[in-house]
Amino acid sequence: MSSYYDDASLMLLASGGAQKDGKVYSVKPTDGSGDFTFTRGSNLSATRVDASQLIEKGRENVLLQSNQFDTTWLNQLGGTITGGQAGYDGSSDAWLISKDASNFRSVRQVISFSGVSTFSLYAKSGTLTDAALRMDTSAGAIQIVYDLSAGVVASSGGVFISNGIEDVGGGWYRIFVTANVSSGTNVHIYADRSGTTAGSIYIQDAQLESSLVATPYIETGASTAQAGILENTPRFDYSGGATCPSLLLEPSRSNQITQSEYFGGWTVNTTITANAALSPEGVQNAYNIASNSGVGNGILAISGALSSTQYVCSIYVKSAGATTGKLRLFDGSTGASTTTTFTPTSEWQRVEVTRTSGAGTFQFRTDIHSNDGDLLIYGAQLEAGSYSTSYIPTYGVSQTRAFDDCAVNYTNISDTGGTIFWQGFVDIGVDSHAISLSNSANGNGSNRILIYRSTSDNKAWLYIQSAGVSVKNISLQLPTDSNDKYAVSWATNDFAVYINGAQIYTSSSGAIPTGMQYIQLNEWTNAHTETNVTKQALYFTTRLSNLDLAILTGATTYNTFAEMALALNYTVYE
C-alpha cells in the first residue's frame, strides 16, 4: 500500500490531524499547494469529540488585559497595586494588591456581559486573608468573599448559580463565581471587604467566560482571546470511540434550546443539582436530576415559535441510579407528543427523539424524566433536521453553527486521466456530496467528477460531466460507515469504480472532463445540507490499473496468486 501513497499527487489524511485555524494541511505535496482552505466563520458554537472521547468546545476570556491590572482595570479607593510578584505557576506575573485601613481596595473592569457567566481569579493571602469577587448586574450585585487562609467561602450575596475555591498549591487558590446574568456591567476584585484593616493579597490571571465552570485560563491583551475550537478550526473528530480521527464537515444548524447546560434555567418539576458530576466535556458541569414520575414531571424547556418542519432533540444522559428514562417532544400547536424511552448506564450516551410539527408555527416542549432513580444530564439540543449533529452549547440565547467548507485550488489535475480515492461517509441530505473535482470552486462546473449520495435511492452515485455534457450518472451501492473506501479512475473511453475492494462499475466509452482545478469536500452548489465524515482523500494524475484500484480500496480476495503477492507485498521466489 505504501507505494500507492508514494505515487499520489495529493494526499489528505485526517489521522495526521495537521491543521490551523482556516487550513487543513495535506500530507502531499509539502509546499502548501495541496493544503485545503477551511471556513466555518461563525462564533465559537462548534464542538468536536477529541482523542480522549471528551467534547471540546471553543472558549473565550472576554476580559481585556486579564493579567495587567494597572491598564484596562480601574484602580479604586486607597492603596496600591504592584506587579512582578511570584505567581502560582512559578512565574513572576502575580500582583500585590494592598489597601489602607480606611477604605476598601479593588480593581474593576467595565464590561458588558450576559448569560451563564463564570468569573474566576487566582489569589493568595498576604498580610490579609480575605479576597472578594463581585459582579454588577441589572438584577443587583453578586459578591462572594473567600477566606484565603482556610480555603473556604466566607460569605456570599446576590443571586448566583454556584461559587467555590480550589487549592492549586503554594498557598494559592482559584476562586470563582457563576451566575445567569441578564445584563452585567462590571466585575470587581477586592482585597478584604471589611475596610478596617490595612494589608495586602496577591492576585493573578482573571477570567470571565460563558461557562458553568471555570475552565483553563486564557491570557488576553488589548482584545479578548480564544482557545479550543475556534471559528474556522477544522474538526478532527474521534466520535464513537475511534482511535483515528475523521474530518467532520457539517451543515449549518441552530440549537433552539437557549440553556443547553444550565438546567436551572428550565421549568423544573423535581430536584436538580448543578455541577454534580463530570460531564462528557470532562469538567464538573453535569446536572443531577432526581427521580420523579408522570408526564410533565422532570424538567422542561419551552422553545420559541418554530417553523413547520422536522426537529430532533438530543441530550447526554448517564445513570445515577436510574435504570429507565424518557425524553419527550411536545408539539404545543397540536398537543401531541413523541417519546423516546432509553436505558441509562454507567457511561454517557446521547439519546434523541424526532418529531414533525403540524401546520403553521408551534412550540416544542422538551421533557426528560426517570421514575426509578436519579439521572445525570448534560448538553441539550433541539435542531431542525432528521438527525442530530454535533453539540452546540448555549448560555442564554439560541446559537447557530455555520456550515463547514473545505476545498483546495489544485493546479496539478491532469487533463488526460486520473484517479480519486476517498474514505468516509456522508449522511443523507440533498444529494450529499462526498468529494469532487471540478473546474468551478463550488463543485458545480461544466467539467467535473463527483461522488455523492443521492436522495433518489440513498445510494452512492458517480457523476461525470465533460464540457457541460453528462457522461456518467451511475448508481453504485448503499454506503455503510466511515470505513467505506471509494476509488474512481478515468481516461478517455476507460472508466472504473471500486468500493471496498470490489469492482462496482466499468466502461470503455466516454469523454473525460478537462480544466479541473478544484477539489472539494462537503460542497454541492453551495447548499451545504449534508454531514461529511472524511478519513482520507488521495488524487493520482494517472488512471490506475483495476488491480491497483482493488488493492487501494481494500481487496481481501484475489483472482490469482500473483495478485495476492502484489497486494501483500510478498517476495516471490521461482
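The values are calculated or read from the model by the stated rules, or taken from the named source; none is laboratory data. Everything quoted here is computed from the prediction, not taken from an experiment. Note: ideal-geometry Cβ built from the backbone for every residue, glycine included; neighbour counts use all protein chains shown.
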- Flagged in segment 218-242 as more than 28 Å from residue 205 (Cβ to Cβ) and outside any strand (DSSP E or B), in numbering order, are 234, 238, 239, 240, 241, 242
- Task: Go through segment 30-60 and give me each residue that's under 21 Å from residue 418 (Cα atoms) and in contact (Cβ under 8 Å) with a residue 60 or more places away in the chain.
- Result: 33, 34, 35, 36
- Could you list, in sequence order, all residues of segment 164-205 that are more than 28 Å from the chain's Cα centre (by Cα), in a strand (DSSP E or B) and among the hydroxyl-bearing types (Ser, Thr, Tyr)? 173, 185, 190, 200, 202
- Output for segment 38-63, where each listed residue is farther than 21 Å from residue 24 by Cβ, of a type in the set (S, T, N, Q) and crowded, with 16+ Cβ neighbours inside 10 Å: 61
- Item | Of the criteria (1) surrounded by fewer than 16 Cβ atoms within 10 Å (Cβ to Cβ); (2) out of contact with any Ser or Thr (no Cβ under 9 Å at 6 or more places or on another chain), which one residue 436 fails | (1)
- Every residue from segment 428-472 that is free of Cβ contacts under 8 Å to residues at least 24 places away in the same chain, assigned to a loop (DSSP other than H, G, I, E, B) and within 32 Å of the chain's Cα centre (by Cα): 454, 456, 457, 459
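Per-residue answers, yes or no, for (1) assigned by TED's automatic domain parsing to the domain that holds residue 28; (2) over 27 Å from the mean Cα position of the chain (by Cα); (3) touching a residue at least 12 places away in the same chain (Cβ under 8 Å); (4) closer than 30 Å to residue 183 by Cβ:
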position	(1), (2), (3), (4)
354	no, no, yes, no
357	no, yes, yes, no
365	no, no, yes, yes
376	no, no, yes, no
382	no, no, yes, yes
387	no, no, yes, no
399	no, no, yes, yes
413	yes, yes, yes, no
419	yes, yes, yes, no
- Query: Filtering segment 4-31 down to residues that are aromatic (Phe, Trp, Tyr) and not in a loop (DSSP other than H, G, I, E, B), which residue is surrounded by the most Cβ atoms within 10 Å (Cβ to Cβ)?
  - Reply: 4
- Go over the candidates 219, 261, 231, 250 one by one and state the one that is under 25 Å from residue 392 (Cβ atoms), of a type in the set (D, E, K, R) and surrounded by fewer than 21 Cβ atoms within 10 Å (Cβ to Cβ). 231
- Item | Sole exception among (1) over 30 Å from residue 404 (Cβ atoms); (2) at pLDDT below 95; (3) in a strand (DSSP E or B) for residue 312, by number | (1)
- Give just the number: which of (1) modelled with pLDDT of 95 or more; (2) part of a loop (DSSP other than H, G, I, E, B); (3) more than 30 Å from the chain's Cα centre (by Cα) does residue 71 not satisfy? (1)
- Item | Filter result for the condition that a residue is hydroxyl-bearing (Ser, Thr, Tyr) and surrounded by fewer than 18 Cβ atoms within 10 Å (Cβ to Cβ), over 114, 120, 66, 98 | 114
- Subset of segment 154-163 [within 24 Å of residue 185 (Cβ to Cβ) and without any contact (Cβ under 8 Å) to a residue 40 or more places away in the chain]: 155, 156, 157, 158, 159, 160, 163
- Any residue in segment 139-161 that is under 32 Å from the mean Cα position of the chain (by Cα), under 28 Å from residue 91 (Cβ atoms) and not β-branched (Val, Ile, Thr)? no
- Query: Given segment 353-406, what strands (runs of 3 or more DSSP E) lie entirely inside it while holding 1 or more residues that are surrounded by fewer than 21 Cβ atoms within 10 Å (Cβ to Cβ) and among the β-branched types (Val, Ile, Thr)?
  - Reply: 399-401
- Note on the structure: Scanning segment 302-327 for residues that are of a type in the set (A, V, I, L, M, F, W, C) and more than 22 Å from residue 372 (Cα to Cα), the one surrounded by the fewest Cβ atoms within 10 Å (Cβ to Cβ) turns out to be 305
- Scan segment 328-336 and give yes if some residue there is at pLDDT 90 or above, surrounded by 17 or more Cβ atoms within 10 Å (Cβ to Cβ) and either among the β-branched types (Val, Ile, Thr) or under 26 Å from the mean Cα position of the chain (by Cα) (or both), otherwise no. no
- Message: So if I check each of 323, 341, 345, which one is in a strand (DSSP E or B), under 26 Å from residue 281 (Cα atoms), in the same structural domain as residue 388 (by TED's automatic domain parsing) and modelled with pLDDT of 75 or more?
- Response: 341
- Query: Looking at segment 465-522, which of its residues are aromatic (Phe, Trp, Tyr) and surrounded by fewer than 19 Cβ atoms within 10 Å (Cβ to Cβ)?
  - Reply: 505
- Determine whether residue 272 is in the same structural domain as residue 339 (by TED's automatic domain parsing), surrounded by fewer than 18 Cβ atoms within 10 Å (Cβ to Cβ) and modelled with pLDDT under 95. no
- Message: Between a residue in segment 318-342 that is farther than 28 Å from residue 306 by Cβ and free of Cβ contacts under 8 Å to residues at least 40 places away in the same chain and any residue that is of a type in the set (Val, Ile, Thr) and part of a loop (DSSP other than H, G, I, E, B), which pairs come within a Cβ distance under 9 Å, given they are 6 or more apart or on different chains?
- Response: none
